[in-house]
Amino acid sequence: MRRRVPFLIAMTLWIGAGAAVWGVAYVVNGVTQAGAEVVVVVDPTAGAVLPSSVRLVGTELFAWDSTVLEQVLARGDVAVIGLCAGFGAVLLYQLMLSILDGEPFRQGNSARIAGLAGAVAVAGIVGSALPGLAAAMVLDRLGLTPILRPGGNLSWWPGLVALALLGVAQTFRWSSMSATR
């Protein structure tokens, strides 16, 4: 039986909660910025002539008269990653407590690890797609789709990490099943 929760285990919840609150607050702040400037990532085309209502600095396009949806999508990756971090922190906290209790293969731990895999996949795949959607909307609204493309990148790393976590979850499931026999 655990006597006290070590500091780092307790900090897992605080950091996760902070990430979730920050992510949502950042998007809510974006909603209040509708009509103002929105920043999206684009793949610039050499020699593209842009209207004076936009600025292109490197790969960042600054455009005025943004919509609420453009602001939400442009900042949505932060919210998705923050919420997934908060969800993952709760799962990791519960997993670490069972390990602290000397029961790493406690029933439910395999589901917690699978939940972590889901959080990684959602944060990495959905989170990274949202800014590209925002860029596509802004470019369409400004009529710039013939000369610019939405930027951003979808990485395959979150999928690999999620698959590895699912493998660990399955191992925990098999170990917990053999421990109960």
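Which residue is least open to solvent (accessible area, probe 1.4 Å), if the candidates are limited to the stretch 145-173 and must be out of contact with any Leu (no Cβ under 7 Å at 6 or more places or on another chain) and assigned to a loop (DSSP other than H, G, I, E, B)? Spell out the reasoning first.
We begin by selecting, within the stretch 145-173, every residue out of contact with any Leu (no Cβ under 7 Å at 6 or more places or on another chain); these are 146-147, 149, 151-164, 166-173.
Keeping just the survivors that are assigned to a loop (DSSP other than H, G, I, E, B) gives 146-147, 151-156.
On the way: Pro146: 112, Ile147: 55, Gly151: 9, Gly152: 58, Asn153: 116, Leu154: 124, Ser155: 51, Trp156: 155 Å².
Going through the qualifying residues, I end up with Gly151.
For the stretch 57-66, which positions are in contact with a helix residue (DSSP H, G or I) (Cβ under 9 Å, 6 or more places away or on another chain) and either over 13 Å from Ala134 (Cα atoms) or open to solvent by 60 Å² or more (accessible area, probe 1.4 Å) (or both)? Reasoning before the result, please.
Looking only at the stretch 57-66, we keep the residues that are in contact with a helix residue (DSSP H, G or I) (Cβ under 9 Å, 6 or more places away or on another chain), and these are 61, 63, 65-66.
Of everything in the stretch 57-66, just one residue is in contact with a helix residue (DSSP H, G or I) (Cβ under 9 Å, 6 or more places away or on another chain) and either over 13 Å from Ala134 (Cα atoms) or open to solvent by 60 Å² or more (accessible area, probe 1.4 Å) (or both), namely Asp65.
So, in the stretch 49-68, of the ones that are in contact with a strand residue (DSSP E or B) (Cβ under 8 Å, 6 or more places away or on another chain) and modelled with pLDDT under 90, which residue ends up farthest from Ile147 (Cα to Cα)?
Ser53
Which of the numbered conditions does Phe105 fail, given that it passes all the others? Conditions: (1) farther than 30 Å from Val21 by Cβ; (2) free of Cβ contacts under 8 Å to residues at least 60 places away in the same chain; (3) of a type in the set (A, V, I, L, M, F, W, C); (4) assigned to a loop (DSSP other than H, G, I, E, B).
Just one mismatch for Phe105, condition (2).
Restricting attention to the stretch 67-104, and to residues there that are under 21 Å from Ala162 (Cα atoms) and touching a Phe, Trp or Tyr at 6+ places or on another chain (Cβ under 6 Å), which single residue is surrounded by the fewest Cβ atoms within 10 Å (Cβ to Cβ)?
Val78
Out of curiosity, is Val21 surrounded by fewer than 15 Cβ atoms within 10 Å (Cβ to Cβ) and either more than 29 Å from Leu116 (Cα to Cα) or at pLDDT 95 or above (or both)?
Judged against the criteria, Val21 is a match.
For the stretch 24-56, how many residues meet the condition of being open to solvent by 60 Å² or more (accessible area, probe 1.4 Å), of a type in the set (A, V, I, L, M, F, W, C) and over 28 Å from the mean Cα position of the chain (by Cα)?
Within the stretch 24-56, residues that are open to solvent by 60 Å² or more (accessible area, probe 1.4 Å), of a type in the set (A, V, I, L, M, F, W, C) and over 28 Å from the mean Cα position of the chain (by Cα) number 2.
Criterion first (more than 21 Å from Ser128 (Cα to Cα) and either among the hydrophobic types (A, V, I, L, M, F, W, C) or touching an Asp or Glu at 6+ places or on another chain (Cβ under 9 Å) (or both)) does Ala85 satisfy it?
Numbers: more than 21 Å from Ser128 (Cα to Cα): no; either among the hydrophobic types (A, V, I, L, M, F, W, C) or touching an Asp or Glu at 6+ places or on another chain (Cβ under 9 Å) (or both): yes.
No; evaluated as a whole, the condition is false for this residue.
The values are calculated or read from the model by the stated rules, or taken from the named source; none is laboratory data. Keep in mind that what you see is a predicted model, and the values were worked out from it rather than measured. When we count neighbours, we look across all protein chains shown, and the Cβ atoms used for this are built from the backbone with ideal geometry, even at glycine. Areas reflect the complete protein model, heavy atoms only, side chains present, ligands, DNA and RNA absent. Shrake-Rupley method; radii C 1.70, N 1.55, O 1.52, S 1.80 Å.
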